[in-house]
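Report on the structure given below.
The numbers here are math on the coordinates, done by the rules we state, and not lab data. Treat the numbers as computed from the prediction; the structure is a model and nothing was measured. Glycine gets a Cβ as well: all are built from the backbone with ideal geometry, and neighbour counts include every protein chain shown.
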Amino acid sequence: MKPALTIDITPLLESQWTGIPVFTRRLVQALDPHLRLHFCQGPNGVPEEAVRQAIRIGTGTYLRDAIHTEVESVQQEARRPAIDPAIPLLYPSVKPSPGAVAREASTIHDISTLVMPDTHVPENVAFHLDPLRDQMASDEVVFCCSEATQEALCAYVPWVRPKTRVMYQYVDWPEGFEAMDRNQPAIRLGRYAVVIGTVEPRKNLRLLLRALEEPSVAAADLHFVVIGARGWMADQALAQLSPQAQARISFTGFISEFAKYRLLRHAEFLVYPSVYEGFGIPAVEAMSLGKPVLASLSSSFPEVIGPAGLFFDPFSIDGFLAALEEMANPALQAELAAHAVPQASRFNAAVMAAPVLEWLGVPG
Amino acid sequence: MSGGSVLLVSVPAVHLSGLDLPGSLYPWRCLRDAVLPPDLRLALLLVMQSAEAQQTEIRFVARPEIFTHGAARDWLDAQSGGAQDHLALTDGNTLRLIPGLRNHMFFFPRGMTSREGALNRLVRLVPEAFAGLASQVNGTLTFRLGSRWIRPPMLPLGFAVTPVGEPAQYTPFVWLPGNHGYAGVLSAKEAMEGVPLPKPPHYVPLTLGALSDHPFVVELARQVREVVLDPAKGPLLIGLPALDRDDAATKDQVEAVLEAFSRSGIALPRLSSWAVRFVAGMPDPAALAGARLTLHAHVPFWHFGRDIFDAVGEVTLTGSGSLSGPASLFSTWLGRAVPVRRIRPQLGLLPVTTGQVP
């Protein structure tokens, strides 16, 4: 019989799955072949079928409805199944109340709320930091999403180092995307690079906006497609650009996974100017489609992107322009692209599951 | 921090968002020409002057937290000119460390209660990070971690000459019971520069931290009453506290002081008086010649240059809390023993605290 593990699926209650909800979904799918999974939301059990159905659908709306239907009255709430304290419990993110079971583990995605609180709203800082110390103290294992996160965390909390394990996530495009893409008309954007980021300070899109006014970028025929919401801050920043520069950049807003897949698949490369990331899954997404990445020399990027990337100082416009010019060289692009798929395939379901299985003493 | 080498310095990144930096490492001129809060600017001036005196080269690093390990860290090491030390100027929201370097802290908004609260919260969250500091500049942070008392070594830095800022503005004391906002407006309307003082004043600079020390405020309010009723006992010069918001004007600073007086329980006369006057900004050292300077433990003493401490006739450190740490630091900093006067509580009315739900 497979060993049992309870996973807190609270992140899956989000309506739109990006970031941590997607990480949680992948974690469930990576561990499913090896373990007998139970699910919970805080101290309460969640029906397994509801979670699996939500994963099939890809949204938390169904899951919320399923849970609420179960607990429409006080009596029903009282009858909700509690988690089994004998089964280890894994939190894919913050652990709000430690000590629910004997063996617990949680996940640290990054420590940006600790080291760059200026890029978060105070409520988010409090949500992540208030329980952090108790969370780690009560954990048997603290999973970190990259070596960079592990090192950063241990610089601030040295005693946690023996408990830490790196847990890399992976990319899993739906199987049908490739065929669906072939059946679509060609994308008519000319030469373009996809950009991940918003105008918020941590995402550092401002660097690209500054670059658009530079003669070397203005003279090139490369267009930049930003995957992400435009927002009023972007409007303000764009208003300061010349009409020619404005015409070189477009914002997709929130798009489907398939639209993202298509944009990445037909792009020349990905630009990832973010100042700080705990892992950087968009880089792996691009690499999985054979695209090189132009990324900040920062935090987890060198570790995750490796030989498939070209790096620049995220605060240097000259450094960014030089890297952009280098990336325009087809020979270099091809050289980097050759490393992209092998680098992306280093991150797979087995790699994600391995540290959890090791914690539970299960042969991988 | 050793002299004659390179020192990496970081400032709270929130102040960099509007700057076009040349790179992750940037020169002093980027900050020198930027709009910065006065306390941060003073702290930077102090660091720059001290580094110059020690022939230490300063390189500012925008986001030290992104260079923790691997290729990014190798790059920083290659660019940092062999720096072994990193000084983090902090506003209490975060403490940015560079692993492997000697990290030093300069908490510059001393006396700003919200900033001190944020720092204390951070200490409770990651005490080990503070325990590993090589020094704290002009600070007295002390905390207990398990059975150990931790106090990062103090590093006293001071100005020889008080930096010249905006000319100080003087306003009269105005007391309108129950209407401190309007009293602040009336007082600020009378603002003047360089009002002559009939004799050396008793100067009491304030911060929000000092104003939250109830026994101290009671005693100060008592002195205000004495001077207002008998101007011959003056002049009493009250330094207005910096407020924790960007749009604060002199009237708001006066109001904050009057509000604190109103909570003291000391009955003040409904009068306006220049014998008690408020001062916004740093008074001219000449105006303080022979003065009596009372410094609360929550006042950043390093804002004053040695010229002011040489000019005044008497300096006293005060407050109702523990004064051993501040007294030790201040005496070391000043190079001579500083008289300490601890104010005993239970003067005036007891403060009342209510919950949010009656």
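When you filter the chymotrypsin sites (Phe, Trp or Tyr not before Pro) in region A:225-292 for DSSP loop state and at most 14 other Cβ atoms inside 10 Å of their Cβ, you are left with A:Phe254. B:Leu7 sits among other residues whose Cβ lies under 15 Å from its own Cβ, and their net charge, with Lys and Arg +1 and Asp and Glu -1, is -1. Per-residue ellipticity at 222 nm computed for chain A from its helices equals -12000 deg cm²/dmol, with DSSP H segments shorter than 4 residues left out and the rest contributing -39,500 (n - 2.57). Non-local amide H neighbours of A:Ser316 (under 5 Å, H modeled in plane, Pro and chain starts lacking H): which ones? Here the answer is B:Ser24, since their amide H atoms fall under 5 Å of that of A:Ser316. Mean-square fluctuations from a GNM of chain B, with a 10 angstrom spring cutoff on Cα atoms, peak among B:Arg148, B:Arg124, B:Arg344 at B:Arg148. Derived scalar couplings between HN and Hα for region A:179-187 equal 5, 4, 5, 4, 7, 8, x, 5, 6 Hz in order, rounded to whole Hz, by the Karplus curve 6.51 cos²θ - 1.76 cosθ + 1.60 (θ = phi - 60°), x for Gly and Pro. Beta-bridge orientation, region A:1-108: approximately 30 percent antiparallel, per DSSP, counting only bridges with both partners inside.
DSSP beta bridges fully contained in the protein assembly as shown are about 20 percent antiparallel. The loop-placed trypsin sites (Lys or Arg not before Pro) in region B:225-275, going by DSSP, that have at most 15 neighbouring Cβ atoms within 10 Å of their Cβ come out as B:Arg245, B:Arg270. Taking B:Arg336, B:Arg277, B:Arg306 in turn, the Gaussian network model of chain B (Cα-Cα springs below 10 Å) assigns the largest fluctuation to B:Arg336. Rounded to 0.05, the FRET efficiency of the A:Arg80 and B:Ala71 pair, given R0 = 35 Å and the Cβ-Cβ distance, is 0.10. Sequentially through region A:155-163, phi angles give Karplus couplings (6.51, -1.76, 1.60; θ = phi - 60°) of 5, 9, 10, x, 5, 7, 3, x, 8 Hz, Gly and Pro residues having no value and appearing as x.
With both residues required to sit in region A:177-344, DSSP beta bridges show an antiparallel share near 5%. Ordering B:Met48, A:Met167, B:Met282 by the number of other Cβ atoms within 10 Å of each residue's own Cβ, fewest first, gives B:Met48, B:Met282, A:Met167. Straightening the chain between B:Arg144 and B:Gln54 buys 29.1 nm, computed as 0.36 nm per residue apart minus the Cα-Cα spacing. B:Val195: net charge of surrounding residues, Cβ under 14 Å, Lys/Arg +1, Asp/Glu -1, itself excluded? Here the charged neighbours net out to -1.
Cβ crowding within 10 Å ranks B:Phe67, A:Phe301 as B:Phe67, A:Phe301, fewest other Cβ atoms first. Here the label points at B:Ser322 and A:Leu222, each 7 Å from Cα along the C-beta direction, are separated by 5.8 nm in the simple model.
Taking every alpha-carbon pair under 8 Å whose residues sit at least 6 apart, region B:138-206 reaches a relative contact order of 23 percent. Per the Debye calculation on region B:12-59 with a single equal scatterer at every Cα and no solvent contribution, log₁₀ I(q)/I(0) for q = 0.13, 0.20, 0.32 Å⁻¹ amounts to -0.31, -0.72, -1.31. Ellipticity at 222 nm from helices only: DSSP H runs of n ≥ 4 in chain B, each -39500 (n - 2.57), divided by the residue count, give -9000 deg cm²/dmol. With both labels modelled 7 Å from their Cα along Cα-to-Cβ, the A:Glu213 to A:Asp181 distance reads 3.6 nm. Pairs spanning more than 31 Å between alpha-carbon atoms, out of A:Lys95/A:Lys291; A:Lys163/A:Lys291; A:Lys2/A:Lys163; A:Lys2/A:Lys291; A:Lys203/A:Lys291: A:Lys95/A:Lys291; A:Lys163/A:Lys291; A:Lys2/A:Lys291. Backbone amide hydrogens, once placed in the peptide plane, bring A:Arg165 within less than 5 Å of A:Val142, A:Phe143, A:Cys144, excluding anything fewer than 5 places away on its chain. Here the extension length gained between A:Gln240 and A:Ala259 equals 3.9 nm, from 0.36 nm per residue of separation less the Cα-Cα distance. Counted by neighbouring Cβ atoms within 10 Å, the residues A:Lys95, A:Lys203 run from fewest to most as A:Lys203, A:Lys95. Tally Lys/Arg at +1 and Asp/Glu at -1 over every other residue whose Cβ is under 13 Å from the Cβ of A:Gln29; what's the total? After counting each charged neighbour, the total is +2. Here the calculated FRET efficiency for B:Ala78 and A:Thr69, from their Cβ-Cβ distance with R0 = 56 Å, stands at 0.40, rounded to the nearest 0.05.
Backbone geometry of region A:247-253 corresponds, through the Karplus equation with coefficients 6.51, -1.76 and 1.60 at θ = phi - 60°, to 3J(HN,Hα) couplings of 5, 8, 10, 9, 10, 7, x Hz, x marking Gly and Pro. Here is the list for region A:113-202: trypsin sites (Lys or Arg not before Pro) lying in DSSP coil, each with at most 12 other C-beta atoms within 10 angstrom of its C-beta, are A:Arg188, A:Arg191. Once the Cα atoms are used to define both axes, helix B:113-125 deviates from the longest principal axis of chain B by about 40 degrees.
Anisotropy class assigned to region A:177-344 is rounded, per the alpha carbon gyration tensor with a/c under the 1.5 cut-off. Once you sort the root eigenvalues of the Cα gyration tensor of region A:1-121 as a ≥ b ≥ c, which label holds: rounded (a/c under 1.5), prolate (a/b larger than b/c) or oblate (the other case)? Rounded, because the longest to shortest axis ratio a/c is under 1.5.
Peptide B:25-31 shows a mean partner chain C-beta count of 1 within 10 Å per residue C-beta.
I need to check one value: relative contact order of region A:177-344, counting alpha carbon pairs closer than 8 Å and at least 6 residues apart, in percent. Reported as a whole number, the value is 22 percent. Legend: mean number of C-beta atoms from other chains within 10 angstrom of residue C-beta atoms, peptide B:85-95, equals 2. Mean partner shielding of peptide A:113-126, defined as the number of other chain Cβ atoms within 10 Å of each residue Cβ, is 4.
Mean-square fluctuations from a GNM of chain A, with a 10 angstrom spring cutoff on Cα atoms, peak among A:Ala211, A:Ala105, A:Ala155 at A:Ala155.
Centroid-to-centroid, using Cα positions, region A:236-250 and region B:42-91 are 35 Å apart. As a calculated quantity, the FRET efficiency between B:Arg32 and A:Ala350 at R0 = 45 Å, using C-beta atoms, amounts to about 0.25.
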